[in-house]
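Engineer: The structure's right below; bear with me while I get my questions together.
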Amino acid sequence: MLSFITETKSCWQALKEETRPLYIYGMGNGADKIMAVFEEYGIRIKGFFASDEFVRGHSFKGYKVKKYSEVCAEEKDFVIVLAFAAGYDSLIEKIECMAAEHTLYAPDVPIEGGGLFTYEYCLEHAAELEKVYDSLADDLSRKVFADVINFRISGKTEYLKGVTTPKNEVYTDIIRPEGNEVYVDLGAYTGDTIAELLEFTDGKYEKIYALEPDRRNFKKLTFSTEGMENVETFNCAVWDKDTVLMFADKSGRQSAVSQTGKPKEARSVDSILAGGRADIIKMDVEGAEDEAINGAVNTIKAFRPKLMISLYHRNRDIFYLPLKVLELHPDYRLYIRHQPYIPAWETNLYAI
């Protein structure tokens with residue numbers, strides 16, 4: 001079983017065994033999460049650094065934040081631990097250049113939920129992982145699935161580099177929007193995915209429903225869709241039923257349902273559509289994808305829409321969500337693609 005998983009040692013264990021100085025690249029929430037795991041494993045660091053152009057003499061967790069060039073000048077050899085997400089080409093190229101000069105790990109810590117994605121975790125869920133692997137529709141999906149898992153265990157970014165494909169290929173090869181469809185955008189952000197979709201339909205569509213809970217993002221969403229016909233925008237979260245949830249506005253892509261925050265209306269897809277059809281549903285809802293699917297069961301069973309679902313917010317998403325879709329309709333064809341991002345964010349399921 002799990003012959004497609006070749007990495008058995010977690011990056012955390014590898015870092016614990018390192019004798020070279022460890023430097024964390026980046027600060028903020030990602031560094032906080034990594035430092036918490038380091039404390040658990042007894043891993044000691046030498047310091048923090050940032051890109052040269054961002055260093056302004058500040059400190060983080062009692063360490064003076066150095067420039068990358070300073071660390072290179074001071075240390076004969078050292079290990080880089082990446083502590084932030086990179087989603088645009090120039091930054092990814094910079095990280096790849098650093099990885100060519102020094103050993104670099106990008107540890108996987110879940111965006112939502114606890115626990116670590118290790119080989120032992122994979123063994124606990126071996127049956128589910130094998131079932132997803134065997135259910136995927138093409139060889140590229142199986143390679144993406146395997147390499148993303150190997151990356152998440154090892155923190156080795158070369159696994160992602162080998163399976164990264166441009167986002168436009170998803171639309172041209174898998175989704176293939178036709179321009180006469182009803183599109184439901186869950187986690188619409190500022191309308192960026194709406195714009196992507198319409199690039200491939202020459203701006204044509206039948207109806208768009210866009211849900212975005214973050215109030216600042218929602219303002220940008222309404223501005224970007226202003227003047228468009230048959231577009232309904234909702235400043236609400238998505239859930240398995242209509243309710244009120246506590247929600248943390250973060251003014252970015254990671255606004256999410258939280259134990260703290262402010263009350264926010266939440267809606268289900270089935271409630272919003274009220275029996276109407278959907279042809280494409282996108283779900284990027286910061287760890288609430290399970291609830292979003294539960295709230296769209298009637299729509300999915302009745303209309304079999306094309307599904308675009310994020311697989312990277314929680315540890316279990318990469319196997320749990322594909323299997324959940326297959327339970328609703330065993331005849332869905334499942335594809336997995338990874339778009340440019342370090343770590344394994346923007347790894348998505350496409351069900352057709």
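Engineer: When you go through VAL325, VAL285, VAL269 one by one, which is the residue that is closer than 25 Å to THR165 by Cβ and touching a residue at least 60 places away in the same chain (Cβ under 8 Å)?
Structural biologist: The unique qualifying residue is VAL285.
Engineer: Separate question: Taking the condition of being modelled with pLDDT of 95 or more and among the basic types (Lys, Arg), how many residues in the range 162-183 meet it?
Structural biologist: Residues that pass the stated criteria total 1.
Engineer: Turning to a different aspect of this structure: Is it the case, given these coordinates, that MET246 is modelled with pLDDT under 95 and part of a strand (DSSP E or B)?
Structural biologist: The answer is yes for MET246.
Engineer: Next question, about the same structure. Where the second residue is outside any strand (DSSP E or B) and β-branched (Val, Ile, Thr) and the first is closer than 26 Å to ALA36 by Cβ and lies in the range 80-98, which pairs have Cβ atoms under 6 Å and are six or more apart or on separate chains?
Structural biologist: ALA83/ILE34; ALA86/ILE92; ALA86/ILE95
Engineer: Sort through ALA83, ALA106, ALA99 and tell me the only one that's in contact with a helix residue (DSSP H, G or I) (Cβ under 7 Å, 6 or more places away or on another chain), modelled with pLDDT of 95 or more and buried (at least 18 other Cβ atoms within 10 Å of the Cβ).
Structural biologist: ALA83
Engineer: A further question on this structure: Looking only at the range 316-352, count how many residues are aliphatic (A, V, I, L, M) and farther than 14 Å from ILE174 by Cα.
Structural biologist: 8
The values are calculated or read from the model by the stated rules, or taken from the named source; none is laboratory data. The shown structure was predicted, so the numbers you read here are calculated from the model rather than taken from an experiment. Ideal geometry is used to build each Cβ from the backbone, glycine not excepted, and the neighbour counts take in all protein chains shown.
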